[in-house]
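S.K.: This is the structure, below, for whatever I ask next.
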Amino acid sequence: MAARHFLTLNDMTTSELEQLLDHASRLRKEWHAGKTRDSLKNRVLAMIFEKSSTRTRVSFEAGMTQLGGTAMFLSPRDTQLGRGEPIEDSAIVISSMVDAVMIRTFAHETVERFASASSKPVINALTDEFHPCQLLADMQTYREHRGSIRGATVAWIGDGNNMCHSYINAAAQFDFHLNVACPEGYEPDSNLLKAHSDRVTVVRTPEDAAKGANLLVTDVWASMGQEDEQKARERAFQDYQINPALMSVAAKDALFMHCLPAHRGEEISADMMEHPGSVVWHEAENRLHAQKALLEFLILNRLD
Ligand code: CP
Ligand code: NVA
């Protein structure tokens with residue numbers, strides 16, 4: 001049987017995603033109750049990082065250990081991947097020795113090529129185009145605070161980047177409406193927008209996006225790999241900040257999320273992390289639980 005991969009949210013059905021999130025919430029409760037679990041005993045996850053990470057690395061590594069397995073950190077600097085060994089050759093070899101592979105890289109095509117040659121499940125842990133693991137944690141967090149997100153309005157404030165693209169996929173999979181507020185020239189991918197024009201509205205002002213919204217989300221103005229554009233982006237995005245004034249035009253009980261790392265004074269005001277609607281720490285912790293559920297799904301084909 002061909003391996004299941006998780007390169008975007010579209011690699012799972014809505015029903016699978018919902019079961020996975022239920023399972024992730026159960027794992028969260030068990031973890032907090034001090035219950036141990038060894039479902040992935042003797043299993044190995046290879047983690048290839050071509051970009052920096054705190055949350056993704058710690059959550060995958062801790063998650064594998066907590067489930068009885070191990071995770072192996074591989075950087076291009078120390079492997080032959082960084083010296084030009086073809087991606088497909090690396091995929092054949094690595095996947096012949098481990099149970100799953102997680103990759104954080106630049107071009108989305110890299111994870112697609114790796115997956116096409118891999119005999120084991122491949123997980124996209126962020127590319128320039130998508131960040132589906134973060135969406136698992138975000139959707140789990142919303143459900144844990146507010147129940148189903150079906151029919152809700154979500155406001156994305158800022159860059160039409162990898163996170164925004166995954167929010168567009170999530171809007172389709174979880175049945176909510178996404179308002180995207182971004183400056184001209186920083187819109188999400190036009191093909192993705194076209195494919196989901198019934199679910200996504202692009203507006204110019206954060207207020208138009210946030211009005212009545214149930215969830216406000218943002219991300220850094222300059223993503224990894226865009227360091228040279230920092231100054232130009234600071235100018236373009238200066239009016240695109242989530243702050244208490246913007247929260248006040250949203251629904252009364254609106255939540256605030258950010259995948260982190262956050263830049264206080266840029267995409268959020270200094271006081272947003274502690275705003276009553278902020279669930280950012282819960283969201284960050286859920287990376288652990290959502291990915292443990294994902295690992296069990298991909299490696300063991302189980303969702304409970
Ligand atoms: N949100 C997220 O993916 O964080 P890291 O870059 O620290 O992994
Ligand atoms: N858009 C950000 C997300 C970081 C988790 C980046 O790609 O750097």
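S.K.: Considering the zone a paramagnetic label at D175 would reach in this model (a point 7 Å from Cα along the Cα-to-Cβ line), which residues of the stretch 132-151 have amide N under 14 Å from it?
M.R.: Residues passing the 14 Å test: 148-151.
S.K.: To the nearest 0.05, how large is the calculated FRET efficiency for D228 and S15 if R₀ is 41 Å and r is the Cβ-Cβ distance?
M.R.: So the FRET efficiency works out to roughly 0.45.
S.K.: How many lysine pairs in the chain, separated by 8 or more positions in sequence or lying on different chains, have Cα atoms less than 27 Å apart?
M.R.: 11
S.K.: Pop a pseudo-label 7 angstrom from the Cα along the beta-carbon direction at both E207 and S52 and give the gap in nm to one decimal.
M.R.: 3.6 nm
S.K.: To the nearest 10 degrees, how steep is helix 132-146 against the longest Cα principal axis of the chain, on a 0 to 90 scale?
M.R.: That helix lies at roughly 60 degrees to the long axis.
S.K.: Relative to the longest principal Cα axis of the chain, at what angle does helix 280-300 sit, 0 to 90 degrees, rounded to 10?
M.R.: The angle comes out at about 30 degrees.
S.K.: Taking only the Cα atoms of the stretch 128-203, how large is their convex hull per residue, in Å³?
M.R.: Cα convex hull per residue, to the nearest whole number: 79 Å³.
S.K.: With every protein chain present, what is the per residue accessible area of the chain (1.4 Å probe, Å²)?
M.R.: Value returned for the chain: 42 Å² of accessible area per residue.
S.K.: Roughly what angle does helix 162-174 make with the longest principal axis of the chain, taking Cα atoms, 0 to 90 degrees, to the nearest 10?
M.R.: 90 degrees
S.K.: Would you mind calculating the gained length between D38 and R302 on full extension (0.36 nm times residue separation, minus the Cα-Cα distance), in nm to one decimal?
M.R.: My answer for the length gained is 93.7 nm.
S.K.: On to the next question. With no solvent and one equal point scatterer per Cα, compute the Debye intensity ratio I(q)/I(0) for the chain at 0.07, 0.09, 0.13 Å⁻¹ and report its log10, rounded to two decimals.
M.R.: For the chain at q = 0.07, 0.09, 0.13 Å⁻¹, log10 I(q)/I(0) is -0.26, -0.43, -0.90.
S.K.: Still on this structure, please answer the following. If you look at just the Cα atoms of the stretch 36-94, how large are its Rg and its Dmax in Å?
M.R.: 13.0, 41
S.K.: Moving to a separate point now. Using label points projected 7 Å from each Cα along Cα→Cβ, tell me how many nm separate D22 and S197, to one decimal.
M.R.: 3.6 nm
S.K.: To continue, here is another question. If you average 1/r across every pair of different Cα atoms in the stretch 66-116 and take the reciprocal, what Kirkwood value do you get, in Å?
M.R.: Computed over Cα pairs of the stretch 66-116, the Kirkwood hydrodynamic radius comes out at 11.9 Å.
The values are calculated or read from the model by the stated rules, or taken from the named source; none is laboratory data. What you see is a predicted model; the values in this text were computed from it and never measured. Neighbour counts are summed over all protein chains in view; Cβ atoms, including those assigned to glycine, are modelled from backbone coordinates with ideal geometry. Please note that ligands, DNA and RNA were not included when accessible areas were found on the heavy atoms of the full protein model with its side chains. Shrake-Rupley method; radii C 1.70, N 1.55, O 1.52, S 1.80 Å.
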